[in-house]
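Worksheet: one structure, shown below.
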Amino acid sequence: MEGLFSCPQRNLGMSSALLGSGVALLLMGLVGGYGIDQTLSLPAVVIAHGFTVLGPTLLKLGYVLRLVAQHQMRKKGWEACCVAG
């Protein structure tokens with residue numbers, strides 16, 4: 001597991017993906033669960049409400065991963081770990 005999170009550049013890429021997908025899920029959940037819920041079927045509304053939980057979760061994970069990457073980039077020689085990995 002340490003090898004997966006050892007490169008700050010890879011961590012920044014993963015965090016951007018998590019942040020983007022979190023925002024997308026949250027917006028889809030808000031629109032589907034509260035905006036157009038009258039036109040959707042019950043399973044679709046339940047899924048949309050699930051997105052309102054999953055979206056902020058991915059946002060939080062992406063933000064924490066971005067903080068980890070920025071912390072790793074403050075250390076000297078962080079470029080070497082990305083070349084080696």
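Between helix 42-73 and the chain there is an angle of about 20 degrees, using the helix long axis and the longest principal axis of the Cα atoms.
The calculated pair-distance distribution of the stretch 8-84 uses every alpha carbon pair, bins of 10 angstrom beginning at 0, and gives 21, 33, 22, 14, 8, 2 percent. The angle between the Cα long axis of helix 8-30 and the main principal axis of the chain comes to about 10°, on a 0 to 90 degree scale.
The Cys residues in the chain with no partner Cys Cβ within less than 4.7 Å of their Cβ are CYS81. Taking Cα pairs under 8 Å and at least six residues apart, what relative contact order does the chain come out at, in percent? Over the chain, the number comes to 46 percent.
Assuming charge only on the beta carbon of Lys and Arg (+1) and of Asp and Glu (-1), the dipole of the chain about its Cα centre is about 380 debye to the nearest 20.
Based on the Cβ-Cβ distance from GLU79 to SER16, what FRET efficiency comes out when R0 is 22 Å, to the nearest 0.05?
On the way: r = 19 Å, r/R0 = 0.87.
My answer for the efficiency is 0.70.
Readers should treat all values here as calculations from the given coordinates under stated rules, not as data from a laboratory. All values reported here derive from a predicted model rather than from experimental measurement. For neighbour counting, all protein chains shown are included, and Cβ atoms are generated from backbone atoms with ideal geometry for every residue, glycine included.
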